[in-house]
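The values are calculated or read from the model by the stated rules, or taken from the named source; none is laboratory data. Worth saying up front: this structure is predicted, and the values here are computed from it rather than measured. Backbone-built Cβ (ideal geometry, glycine too); neighbour counts: all protein chains shown. Areas reflect the complete protein model, heavy atoms only, side chains present, ligands, DNA and RNA absent. Shrake-Rupley method; radii C 1.70, N 1.55, O 1.52, S 1.80 Å.
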Amino acid sequence: MTRLPIVGVMGSGRAEHPRRAGALGRWLASRAVHLLTGGGGGVMSAVSRAFHEVPKRRGLVIGIIPSRGGQPPPCYPNQWVEVPIVTHLPLSGERGTEAGSRNHINVLSADVIVALPGSAGTASEVSLALRYGRPVVAFLNARDEIPDLPDGVPAHPDLEQVQAFVERALAA
């Protein structure tokens, strides 16, 4: 059996950015890939829903879930996560690069990362992608949609440019 690539989509846990997340999720579902998110709300929920609703897709929706004492926070995982992986790691946001954050698992489990608008947690995942040498692209209208986005991360407002980046990364 051939392993399907895993595309990690990172972004806001509150704001859905439905146009971008929906278009990205539907496109990814049309490819033979698994979708990996942090399993929560906002962008994570919107991209998971769009991916999940595509008929006859081959990939699954994977969620890397934070917890304290084995208990996920309220609303985790979102209803579209098909493979919830509950961690013992509670840290997020500004503490997202610390050892107690599931963000390391998110990044290390993905073959390529797409970052949508978000805050400190999304910025930490982008930083970890660079640290671990994972290909990362930002799907943004403006670079300030992710605070302190490193200069070396390409940011594109058009899905077609993001698609081309993902295709190149998966072909490498």
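Can you find a residue that is crowded, with 21+ Cβ neighbours inside 10 Å, touching a helix residue (DSSP H, G or I) at 6+ places or on another chain (Cβ under 6 Å) and part of a helix (DSSP H, G or I) anywhere in segment 62-80?
There is no residue in segment 62-80 that is crowded, with 21+ Cβ neighbours inside 10 Å, touching a helix residue (DSSP H, G or I) at 6+ places or on another chain (Cβ under 6 Å) and part of a helix (DSSP H, G or I).
Can you tell me which residue within segment 23-34, out of those that are in contact with a Lys or Arg (Cβ under 9 Å, 6 or more places away or on another chain) and within 21 Å of T122 (Cβ to Cβ), is surrounded by the most Cβ atoms within 10 Å (Cβ to Cβ)?
G25
Name every residue in segment 81-96 that is within 13 Å of S127 (Cα to Cα) and surrounded by fewer than 17 Cβ atoms within 10 Å (Cβ to Cβ), in order of residue number.
Result: G93, E94, R95.
Being farther than 27 Å from P90 by Cα and without any contact (Cβ under 8 Å) to a residue 40 or more places away in the chain is the filter here, so list the residues in segment 51-77 that pass it.
Correct list: E53, V54, P55, K56, R57.
Please tell me if G70 is more than 17 Å from A110 (Cα to Cα) and modelled with pLDDT under 95.
Yes.
Going by the conditions given, is A129 free of Cβ contacts under 8 Å to residues at least 12 places away in the same chain and hydrophobic (A, V, I, L, M, F, W, C)?
Judged against the criteria, A129 is not a match.
Could you list, in sequence order, the residues of segment 81-123 that are in a loop (DSSP other than H, G, I, E, B) and of a type in the set (A, V, I, L, M)?
Passing the criteria: V81, L89, A99, A110, L116.
Quick check on segment 41-56: of everything there that is of a type in the set (A, V, I, L, M, F, W, C) and over 12 Å from V81 (Cα atoms), which residue is most open to solvent (accessible area, probe 1.4 Å)?
Checking each candidate, the answer is V54.
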